[in-house]
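Okay, so here's the structure we're looking at.
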Amino acid sequence: MTESLFVEAVRSAGARVFRVGGCVRDAFRGAAAHDMDYVLTGMEERCFCALFPRAEKIGKAFPVYHVYIDGRRTEVSFARKEVKTGAGYRGFDVMFDPAVTIEEDLYRRDTTMNAMAQELPEERLVDPYGGRADIAAGIIRAVSAHFIEDPVRALRAARQAAAFGFMVEARTLAYMRSCAEELQKEPSERTMGELRRALEVSRPSVFFRVLDAAELLDVTFPEIAALKGKTQPVEFHPEGDAFEHTMSIVDAVAAATDDVITRFTGLVHDIGKGETPAEMLPHHYGHEKVGLDVLAAWNRRMTLPHTWMKAASFVIREHMRAPRLTHVGKIADLLLGVGRSGLSMEQFTAVIRADHGTLPDYLTHGAEYLAAMLRVTGRDAPAHLVGAQIGAWLREERIRTLRKILAERRADPFYSAENMAVLSCRIADIKAGRNVSEHDPVEVKSGADVPQNEK
């Protein structure tokens with residue numbers, strides 16, 4: 001069924017139909033709409049069911065239906081009003097009947113940009129609370145004090161500030177502060193859902209900064225709040241304390257990959273620093289081990305997805321030593337560990353590069369080296385070996401494989417100290433924004449270019 005046929009059927013029954021929510025907001029933002037939601041006024045539920053017998057009812061407290069329109073599943077609901085009666089997002093009495101107007105329905109919504117509608121088929125804008133103007137100004141503004149009735153709206157406002165690059169205005173920020181007590185009572189999966197969505201945006205740091213401005217960071221993500229004020233050696237961290245460092249890393253990782261799990265590992269790689277005692281600052285000795293304990297406590301509080309825990313545990317444990325290894329056996333174990341972490345080599349190195357700035361050869365070419373090691377399998381083991389002996393043999397053979405690759409690479413004249421110095425200078429020039437053409441050209445020799453007496 002097309003939208004025009006759906007609208008025609010509703011209007012033929014004497015009712016009105018409106019597009020609402022994100023699809024209207026995104027149209028005025030100039031963004032593509034991912035979902036279409038509709039609200040009906042002036043219609044009885046039984047009449048709707050007679051018109052659309054295949055509609056699937058999904059709402060329990062109030063009627064919401066799934067209807068396939070233009071080939072995709074859409075939500076259709078009836079205009080309603082809500083009265084707060086208890087704690088949390090379930091503590092509402094809902095009133096819906098044909099007399100409820102679209103303006104009354106929009107009034108119960110969280111922010112002005114989400115409280116617009118388009119009446120169909122004319123697409124007449126219904127904007128009683130100034131959402132279009134706020135979108136143009138880049139402002140997130142609560143429709144009314146009803147904002148605080150669902151405390152997760154505070155997380156949503158912070159997340160949308162990060163997603164859209166908008167500013168939360170002062171009154172709304174005050175409403176967000178008022179949500180602190182009830183947020184602590186909310187089901188953890190609702191907070192987890194907003195965290196996941198926040199990690200999908202291009203600058204996740206804004207989400208945490210807005211929560212901090214609303215005095216909600218220590219309520220929602222105390223592990224991240226604990227990083228504030230934890231000083232670091234300025235020669236390594238000119239950006240500031242452990243919180244500022246973490247914010248810069250999560251944004252850098254977000255710029256490198258869309259993967260939410262990898263972004264989460266960037267967020268938590270230094271969470272152990274939040275537990276560093278004052279007398280140890282600005283140093284954070286052993287924060288990797290402490291970080292694993294903090295992550296475990298976070299998991300007990302919120303139940304993180306297993307894939308997040310697995311990848312984050314590996315990054316927390318390995319992020320300090322990962323770019324500093326010299327022993328081939330330890331390098332092999334690290335690369336094999338990446339393979340078991342659930343992260344790709346590209347994802348793991350995105351975090352390490354963001355944290356350390358550069359990568360050693362064994363991480364730059366880590367995917368290649370890991371693939372070579374994994375070509376050696378337990379099926380290749382001598383027949384007389386059994387049980388743990390096979391595992392020990394497999395590890396040694398993979399180390400031997402890596403050692404051979406590294407030796408061959410170091411013997412290649414392309415990887416001579418002279419060439420590596422030239423390439424390092426070029427990289428430094430690019431990072432500093434210098435035009436390399438300003439310098440005398442330096443030829444990087446390939447193996448074929450090196451005279452025989454230099455080979």
**Study point:** Selection status of Ala32, under 24 Å from Gln160 (Cβ atoms) and part of a loop (DSSP other than H, G, I, E, B)
**Key:** yes
Check your understanding: Of the residues that make up region 204-215, is at least one of a type in the set (Ser, Thr, Tyr), outside any loop (DSSP other than H, G, I, E, B) and touching a residue at least 60 places away in the same chain (Cβ under 8 Å)?
Key -> no
Review point. Yes or no: Leu304 surrounded by 15 or more Cβ atoms within 10 Å (Cβ to Cβ), closer than 14 Å to Met192 by Cα and touching a residue at least 24 places away in the same chain (Cβ under 8 Å)?
Key: yes
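Residues are listed down the side, and each one gets a yes or a no for (1) closer than 22 Å to Gly22 by Cα; (2) of a type in the set (Ser, Thr, Tyr); (3) crowded, with 17+ Cβ neighbours inside 10 Å; (4) at pLDDT 95 or above:
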position	(1), (2), (3), (4)
Ala157	yes, no, yes, yes
Ala161	yes, no, yes, yes
Phe164	yes, no, yes, yes
Met176	yes, no, yes, yes
Leu183	no, no, yes, no
Pro187	no, no, no, no
Arg197	yes, no, yes, yes
Review point. Taking region 258-273 on its own, how many of its residues are closer than 10 Å to Ala312 by Cα, part of a helix (DSSP H, G or I) and touching a His at 6+ places or on another chain (Cβ under 8 Å)?
Key: 0
Study note, to complete from the structure: For region 11-37, pairs from a residue that is on the phi > 0 side of the Ramachandran plot and assigned by TED's automatic domain parsing to the domain that holds Ala115 to a residue that is part of a helix (DSSP H, G or I) and surrounded by 17 or more Cβ atoms within 10 Å (Cβ to Cβ), with Cβ under 7 Å and 6 or more apart or across chains, are Gly21/Asn114
Revision key, fill the gap. Going through (1) at negative phi; (2) surrounded by 15 or more Cβ atoms within 10 Å (Cβ to Cβ); (3) free of Cβ contacts under 8 Å to residues at least 60 places away in the same chain one by one, Ala117 fails only at (3)
Revision key, fill the gap. Selection from region 137-156 of residues in contact (Cβ under 8 Å) with a residue 40 or more places away in the chain and among the small types (Gly, Ala, Ser) yields Ala154
Review point. Looking only at region 212-244, which residues are of a type in the set (Phe, Trp, Tyr) and farther than 19 Å from Thr265 by Cα?
Key: Phe236
Study note, to complete from the structure: Scanning region 179-201 residue by residue, those of a type in the set (Asp, Glu) and closer than 16 Å to Leu267 by Cβ turn out to be Glu194, Glu200
Check your understanding: Got at least one residue in region 243-257 being assigned to a loop (DSSP other than H, G, I, E, B) and either of a type in the set (Val, Ile, Thr) or over 19 Å from Arg301 (Cβ atoms) (or both)?
Key -> yes
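To keep it simple, each residue is scored yes or no on (1) in a helix (DSSP H, G or I); (2) within 14 Å of Val253 (Cα to Cα).
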residue	(1), (2)
Ile331	yes, no
Leu336	yes, no
Leu343	no, yes
Phe348	yes, yes
Thr358	no, yes
Leu363	yes, no
Ala367	yes, no
Check your understanding: How many residues, within region 227-250, are modelled with pLDDT of 95 or more, crowded, with 19+ Cβ neighbours inside 10 Å and out of contact with any His (no Cβ under 7 Å at 6 or more places or on another chain)?
Key -> 5
Review point. Checking Ala32 against (1) closer than 27 Å to Cys179 by Cβ; (2) of a type in the set (A, V, I, L, M); (3) modelled with pLDDT under 90, which test does it fail?
Key: (1)
**Study point:** Leading residue by the ranking (modelled with the highest pLDDT) among those in region 318-327 that are part of a helix (DSSP H, G or I) and surrounded by 18 or more Cβ atoms within 10 Å (Cβ to Cβ)
**Key:** Glu318
**Study point:** So Thr191, is it in contact with a helix residue (DSSP H, G or I) (Cβ under 7 Å, 6 or more places away or on another chain), closer than 20 Å to Arg108 by Cα and not small (Gly, Ala, Ser)
**Key:** no
Check your understanding: Is it the case that region 352-366 has a residue that's among the hydroxyl-bearing types (Ser, Thr, Tyr), crowded, with 19+ Cβ neighbours inside 10 Å and at pLDDT below 95?
Key -> yes
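The values are calculated or read from the model by the stated rules, or taken from the named source; none is laboratory data. Predicted model only: the values in this text are computed from it and were never measured. Reconstructed Cβ throughout: ideal geometry from the backbone, glycine too, with neighbour counts over all protein chains shown.
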